[in-house]
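Shown next, in structure tokens, is the structure this report addresses.
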């Protein structure tokens, strides 16, 4: 079956959580805040979404699988948009995606072995430890960059290491990457892609390795690296979702769609927010949220170790730690709001006081009447979709866990159906979200003002305003 391991149901319906009103509210909030953070920092937001789902009792493999299913349709749309503006190197994306697929398959097999050996608690421990290693490490690098940017005014520059590799590491075949503007050995892309895929199958995010590797090892610009990562994320997410469904029946589409419902709105607000701040502020926001999530996952680890019988600990202390996991996770989510929204409100307020708000923001793509019509059409389709999925909230766990038991051809067809459903859902609800935000006028700043703020901070607003008034006076 094309290199995929033969199926054998690892999940059963009782492993999927009950989704009631409280769970729905939390997952919608998680999707919104995670999406807003994702749009703001240019990441999949998985370092919030996966632990967030685990904090309400979702097993690690189901959280990772459902997050991959939620992520890849958005990556597909984002990759297409970045391709049109020249920020996606197709050749680089294809080469890295090939080894990333292998990394995803190995990562899922590792999860499967741990599940069979140690049970769901073992997989929870494995995923949590991965977060405890990765999040503080990445946060430390980000804070270092923030410090340099604030103290020395250092902007993104061409990495010296990548230039040295291009000259000295000439192991054939050498590949010319037109968009990235580099000629590098194929063998540099293989370990990078594999590590990206393996990490994606472990915690549902591979960009922590993929983007920095493309910048510091392959020498791509930040814009091309993040754009190319979206193409890789689409391939990883689609193949990962297929394998999770086919091999383990682990994709909970209920979680996926509830997170998607709000994240498609949040991600666009976050993307708009990037035009209102300096670039180092984005890195600072990412680091702060990562460290808060790290604390939440760290508090969950003692409970897992006790359940596995690996340590003994006072029951009251374990209960105390467990009781703090969820509220700290909520705090991590809520902390995103001021980080993203306060700069937007402050800048728009100042521009409004100057009488220049309309000149400063991009215009909506369609007139209000057209937006209302589109919102009604896509809103009705979205409502029907959610009604059909949730009229019997227990049918999905029963359905998805039968996929590994079906005949090979039927299993393939059903797993592909999960992928198709995720893409369809993302397009329909994404269209509704996009038109809704245009209708309420949540729009980005124009490029010239955004660049001024990125370079000069809030002082750039005054510089831009003076330039606009000078131009208007001379006309």
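Some notes on this structure:
- Taking the stretch 214-234 as the range and being surrounded by 24 or more Cβ atoms within 10 Å (Cβ to Cβ) and not in a loop (DSSP other than H, G, I, E, B) as the test, the residues that pass are 214, 224, 225, 227, 228, 229, 230, 231, 232, 233.
A quick yes/no check of all residues on (1) without any contact (Cβ under 8 Å) to a residue 12 or more places away in the chain; (2) under 17 Å from the mean Cα position of the chain (by Cα); (3) closer than 30 Å to residue 379 by Cβ; (4) surrounded by fewer than 23 Cβ atoms within 10 Å (Cβ to Cβ):
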{"position": "204", "(1), (2), (3), (4)": "no, yes, yes, no"}
{"position": "264", "(1), (2), (3), (4)": "no, yes, yes, no"}
{"position": "285", "(1), (2), (3), (4)": "no, yes, no, no"}
{"position": "303", "(1), (2), (3), (4)": "no, no, no, yes"}
{"position": "310", "(1), (2), (3), (4)": "yes, no, no, yes"}
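- Going through (1) within 24 Å of residue 71 (Cβ to Cβ); (2) modelled with pLDDT under 85; (3) out of contact with any helix residue (DSSP H, G or I) (no Cβ under 6 Å at 6 or more places or on another chain) one by one, residue 469 falls short only on (1).
- The conditions of being touching a strand residue (DSSP E or B) at 6+ places or on another chain (Cβ under 9 Å), more than 30 Å from residue 361 (Cα to Cα), in a helix (DSSP H, G or I) and touching a residue at least 12 places away in the same chain (Cβ under 8 Å) are not met by residue 243.
- Subset of the stretch 390-417 [assigned to a helix (DSSP H, G or I), more than 10 Å from residue 246 (Cα to Cα) and either in contact with a helix residue (DSSP H, G or I) (Cβ under 7 Å, 6 or more places away or on another chain) or touching a residue at least 60 places away in the same chain (Cβ under 8 Å) (or both)]: 390, 396, 397, 398
- Residues in the stretch 429-443 that are modelled with pLDDT of 80 or more and not in a helix (DSSP H, G or I): 0 in all.
- If you go through the stretch 348-382 and keep only what is over 24 Å from residue 284 (Cβ atoms) and without any contact (Cβ under 8 Å) to a residue 12 or more places away in the chain, you end up with 352, 353, 355, 357, 358, 367, 369, 370, 373, 376, 377, 380.
- Screening residue 349 with (1) farther than 23 Å from residue 446 by Cβ; (2) in a helix (DSSP H, G or I) gives one miss only, at (1).
- Of all residues in the stretch 316-347 being surrounded by 13 or more Cβ atoms within 10 Å (Cβ to Cβ), without any contact (Cβ under 8 Å) to a residue 60 or more places away in the chain and farther than 20 Å from residue 33 by Cα, the one that is farthest from the chain's Cα centre (by Cα): 318
Table: residues versus (1) within 27 Å of the chain's Cα centre (by Cα); (2) on the phi < 0 side of the Ramachandran plot; (3) at pLDDT 90 or above; (4) assigned to a helix (DSSP H, G or I).
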| site | (1), (2), (3), (4) |
| --- | --- |
| 365 | yes, yes, no, no |
| 373 | no, yes, no, yes |
| 376 | no, yes, yes, yes |
| 427 | yes, yes, no, yes |
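The values are calculated or read from the model by the stated rules, or taken from the named source; none is laboratory data. What you see is a predicted model; the values in this text were computed from it and never measured. Every residue, glycine as well, gets a Cβ built from its backbone with ideal geometry; the counts of neighbours run over all protein chains shown.
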